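The values are calculated or read from the model by the stated rules, or taken from the named source; none is laboratory data. Everything numeric here is computed off the predicted structure, so don't read it as measured data. Every residue, glycine among them, receives a Cβ derived from its backbone with ideal geometry; neighbour counts consider all protein chains shown. Ligands, DNA and RNA are stripped out before the accessible areas are found, and what is left, the full protein with its side chains, is counted by its heavy atoms. Shrake-Rupley method; radii C 1.70, N 1.55, O 1.52, S 1.80 Å.
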Amino acid sequence: MDLSSHFRHMATALFVGYKALLINETPVSCVIQDMASSAIVSIGYNYTNISLNGTKHAEFIAIARLMDQDVDFSKMRLYVTVEPCIMCASFLRQIGIGEVVYGCGNDRFGGNGTVLSVHRDELGTDPPYPSYGGVMRTEAIQLLRNFYIQENESAPVPKTKKNTEIESKLYPDNFFNLSEDEFVTMYGKERLDVFTGKDREITVKPGKGYSLQQFINIDELRKVPFMEEEMGTVDENQINEFLSLFYDIGDDGRVVYEKAIEKYNPKKRRHEE
């Protein structure tokens, strides 16, 4: 089973998150795909820091753009870098989203299985929706780390931040929040070793690793709705910096920690500008 389409759309969501990082927002981000055409129709990113509004989550922003367009959300797929929180998971169910694919789990507020299974619990009156986690999980975690490892220059006493390296991340036993049958439906029998192996990642094709660079194309990114007109020009320097933040995934599904990567440095960016 070839998952190229899922990886390409998740890579775009990650780049949206990187653009949010440039304005000092938490890099949790999403894209909405029309499942019939495979086209991206909307993007969203956390806007809580700038707006000082705790409800300005990526999913809300992406969906709000489509509310006046008579969109059938049951035919839409949401790709989001981090598992929807309980609030967003409920909202997605209320609008009848067709499907959700997310990167890493949300171990504090996850509403798609990690904390609560809002997307399919029997108490809700709205129809449940399928949800699949683990696509570019490591990359989603790495992007978040690049935000959280930054020092707050206005803090009176800097605090030591724990667990800031991807290598030390403790993964839950079933970070997909799926049964074995559900996993096979989405990812295929040939990836069952990933289902049982906490230290392995889903790859585009079984037994073949990948790098994020395979799924990033500057011309395609510039055409993504709301990208440049709202988040600024997409240029080669940004692409190169974005790609430098991530490890590759090897043929065995394990993270290639031997690869040299960069850490996002907002001070360097201010100096360059």
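For this structure, a couple of remarks:
- Trypsin sites (Lys or Arg not before Pro) within segment 19-124, DSSP loop, no more than 11 other Cβ atoms inside 10 Å: R108
- Taken as entire DSSP H runs, the helices of the chain that both span 18 Å or more between Cα atoms along their own long axis and average 0.0 or more on the Kyte-Doolittle scale are 4-22.
- Annotation: per residue accessible area for segment 1-157 equals 40 Å², rounded to a whole number [probe 1.4 Å, protein chains only].
- Prolate/oblate/rounded label for segment 1-116 (Cα gyration tensor, a/c 1.5): rounded
- Share of carbon and sulfur in the accessible heavy-atom surface of segment 1-114 [1.4 Å probe, %]: 50 percent
- Euclidean distance between Cα centres, segment 126-143 to segment 47-78, Å: 17 Å
- Spatial separation of Cα centroids for segment 84-104 and segment 221-261, in angstrom: 25 Å
- Three-way shape label, the chain, alpha-carbon gyration tensor, a/c 1.5: rounded
- Surface listing: H119, H57 arranged by accessible area from highest to lowest gives H57, H119, probe 1.4 Å.
- Residue-count net charge about C85 - beta-carbon cut-off 10 Å; Lys, Arg +1, Asp, Glu -1: -1
- Two-site label geometry, E228 and T48: point separation in nm, points 7 Å out along Cα→Cβ: 3.2 nm
- Principal semi-axes of the equivalent ellipsoid, √(5λ) from the alpha carbon gyration tensor of segment 27-91, are 20, 12, 11 Å from largest down.
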